[in-house]
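Here is the structure we will look at, set down as structure tokens.
What follows draws every value from the coordinates through simple rules; no lab data is involved. What you see is a predicted model; the values in this text were computed from it and never measured. Cβ: placed from backbone, ideal geometry, glycine included. Neighbour counts: every protein chain shown.
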Amino acid sequence: MSTTGFGARAVLALTGISYRQLDHWARTGLVHASVRKAAGRGSRRVYSFSDLVALRVVGQLRETGLSVQTIRKAVTYLKRHADQPLSMLNLIGLGKKVFALTDDPTKLVEATASGEVVLTISVESLSRHLEQGVTRISAPLTVAVRARGQAYQAVFTPDLEAGGYSVEVPELPGCITEGGDLAEAKRMTKDAIELWLSVAEPQKVRGRSRPG
């Protein structure tokens, strides 16, 4: 799964956690944005796909009532073993301990220390689910946009890092725009089409008026 990165809007859509949790976990260092950290007011965090997996793992561990300290140790283990294929990693919560299973069935690695909950998290399954989610929310949308009494087919491509959409109108070469959300992108597309037409029409008139 390759992409430049994921902004907060895409992360929330893919992981199901709240913005408050995302912000708190980033500020406390539980799971931070490894592609780009926030650098002051107005800047945005950018997360990697591995960060998404870690966020899903943290979310599921948190739902079982495990302490943040225990979860922090599990996340540290996950990051240390990021060079392994995700299919080789499974986490088992047993009390306040989190163990990691690898491809070696005789090897059980303790990732934390002591407690009271039993769960199994398949990181491979989480990764597969996230990959499907990325594919779903990154798929371009073809939307009919009306301008000057005619419908034009515009392709809206989600920007998972910055949020919003980039837009292209294939039948009008060079007619490209963007918007922060779908509604804004549609308005911007209508304006871009009208601008394109206003520039193109005088050129057509000049072409027809040339002597044969």
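Listing Y165, Y152 from the residue with the fewest other Cβ atoms within 10 Å to the one with the most, what is the order?
Y152, Y165
Once you order the gyration tensor axes a ≥ b ≥ c over the Cα atoms, which shape class does region 140-200 get: rounded for a/c under 1.5, otherwise prolate or oblate by comparing a/b with b/c?
Here region 140-200 falls in the prolate category.
Order these peptides, 168-181, 45-58, by their mean beta-carbon neighbour count within 10 angstrom, highest first.
45-58, 168-181
Round to the nearest 0.05 the FRET efficiency obtained for A151 and A39 when R0 = 41 Å and r is the Cβ-Cβ distance.
For A151 and A39, the calculated efficiency is 0.45.
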